[in-house]
Amino acid sequence: MRSKLVLVALTLLFALVLIPPAVADTFEAMGSTNALNCDLRACTNLSYDLHIVTDPLATMNVGAMTEDYYLVTSISGTVDGYGSVSMAPSCCAILMTTHGATVFADPIPDGDIALLVNGFSGAVGGGGDIPIVSNNPVDPSHTVRIDVNDSQGIFAYCTWNAVAVPEPSSLLLLGAGLIGLTGAKRFRNRKLQS
C-alpha cells in the first residue's frame, strides 16, 4: 500500500516539474454603462466583455511612489451592439493594482488602452488619469470610460469588474491531485473492507 502511495506522490511531483511555470496572467473584465456617471454628458448604453492577457505582476518606482502593475499583451472580446474588440498596437498598455497609497480592488487600466472595436479606433481608460465629469460620486476602482468609435464620439462611463482566470496548467495540476486523492481513498476503503 505504501509503495502505491509513494508512486502516486512521485507521479504528482513529476507532473509538477513538467508543467511549465506561469508566464502570463489572464483577466475577464465585464461591465456596462453606469447611468449615474452620465448625468452631465450623454453616454451610449452598452455592455462589454474583455479577455485580457498580461505579463506577471511587476513593480515600478515613480519618484517617491510605487506602482504594482500588469503589462497588457493582448485584449480580445466584444462590446455588445458594436462587435469584436482587439488591442491596437500600443507601446505600454498597463493594468495597475496600486498607485502610491491607492489600492485598486480590481486591476484597472492606467490611462487609455488603445482598442480596435469592429475596425474603428477606440479605447478603454481609467485609474484616475481619465477624468469623469459627474455630479455623482465616482468609484475610480470600478469605473472606466469606453470609447467605441472616436470619430463618431460613441462612448460610455462603465462599471469595471476584472476577475483573474485560472491557467489551464493550474487546473490540470489540481485535477491530477484530486484524482490521486480519490484513488488513495478508494484503495484505503477497499483495504478496510477486506
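Throughout, read-outs are computed from the coordinates displayed, never taken from laboratory work. What you are looking at is a predicted structure, and each value in this text was computed from that prediction instead of being measured. Methodologically, a virtual Cβ is constructed for each residue, glycine included, from the backbone with ideal geometry; neighbour enumeration extends over all protein chains shown.
How high is the relative contact order of the stretch 26-160, in percent, counting Cα pairs under 8 Å that sit 6 or more residues apart?
Computed over the stretch 26-160, the figure is 24 percent.
Which of the three applies to the stretch 26-160, rounded, prolate or oblate, going by the alpha-carbon gyration tensor with a ≥ b ≥ c and a/c under 1.5 meaning rounded?
Oblate.
Going by how many other Cβ atoms sit within 10 Å of their own, how do Phe120, Phe27 line up, fewest first?
So the residues, fewest neighbours to most, are Phe120, Phe27.
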